[in-house]
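The values are calculated or read from the model by the stated rules, or taken from the named source; none is laboratory data. Note that the structure is a prediction, hence the values are computed from the model and not measured. Backbone-built Cβ (ideal geometry, glycine too); neighbour counts: all protein chains shown.
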Amino acid sequence: MAEHFMELLCPAGNMDKLKMAIRYGADAVYCAGKRFGLRAGNSNFSDEELKEAVEFVHAHGKKIHVTCNIIPHNEDFEGLEDYLKFLESIGVDAIIVADMGIFSLAKRVAPGLELHVSTQASTTNWHTVQMWKRTWCYTCCSDSRSVLSRP
């Protein structure tokens, strides 16, 4: 039977919060860039800040996940392919995704990124978890995960 590891995953809305979470015991942090996350905006991480964040987190032996959890319209895919390649190139440990189109694109253009299903995907039952697993886990690593919706 597989061993389960409980991970303390903390939100990091900016660099100060990220550093504080890591210094106070988080196993991993999640954050968003300026685009492609539901909470994207001025207070989120620029590309340079994401690179710095990855370096800081990895220097402490921890993990960093980046949200790409928008529910996109066709025009929202503009620039996403390059962004996913960038996240892979700087060593992000995983991306958090809510849309199957983004999921599919990430698997194709950034195959080294681990993919986690976001709570925004409204996964509230084991049937949906099984659908996600059948759809993408045949190519995912064994520790990819789903984040269930809030009750």
Need the failing condition index for residue 65 against (1) surrounded by 15 or more Cβ atoms within 10 Å (Cβ to Cβ); (2) modelled with pLDDT under 85; (3) out of contact with any helix residue (DSSP H, G or I) (no Cβ under 7 Å at 6 or more places or on another chain), just the number. (2)
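With the condition kept exactly as written, say whether any residue in region 69-85 is under 10 Å from the mean Cα position of the chain (by Cα) and of a type in the set (A, V, I, L, M, F, W, C).
no
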In region 64-82, which residues are in contact with a strand residue (DSSP E or B) (Cβ under 7 Å, 6 or more places away or on another chain) and either farther than 17 Å from residue 10 by Cβ or assigned to a helix (DSSP H, G or I) (or both)? 68
Result of the Cβ filter at 9 Å on region 47-63, keeping first residues that are assigned to a helix (DSSP H, G or I) and partners that are hydroxyl-bearing (Ser, Thr, Tyr), at least 6 apart or interchain, is 47/83
For residue 15, are the conditions met, namely being surrounded by fewer than 17 Cβ atoms within 10 Å (Cβ to Cβ), modelled with pLDDT under 90 and hydrophobic (A, V, I, L, M, F, W, C)? no
Residue 147 at pLDDT below 90, surrounded by fewer than 19 Cβ atoms within 10 Å (Cβ to Cβ) and not small (Gly, Ala, Ser): yes
Within region 30-41, is even one residue over 22 Å from residue 117 (Cβ atoms) and at pLDDT 95 or above? no
Candidate set from region 100-130 (those that are crowded, with 19+ Cβ neighbours inside 10 Å and part of a loop (DSSP other than H, G, I, E, B)); member that is modelled with the highest pLDDT: 110
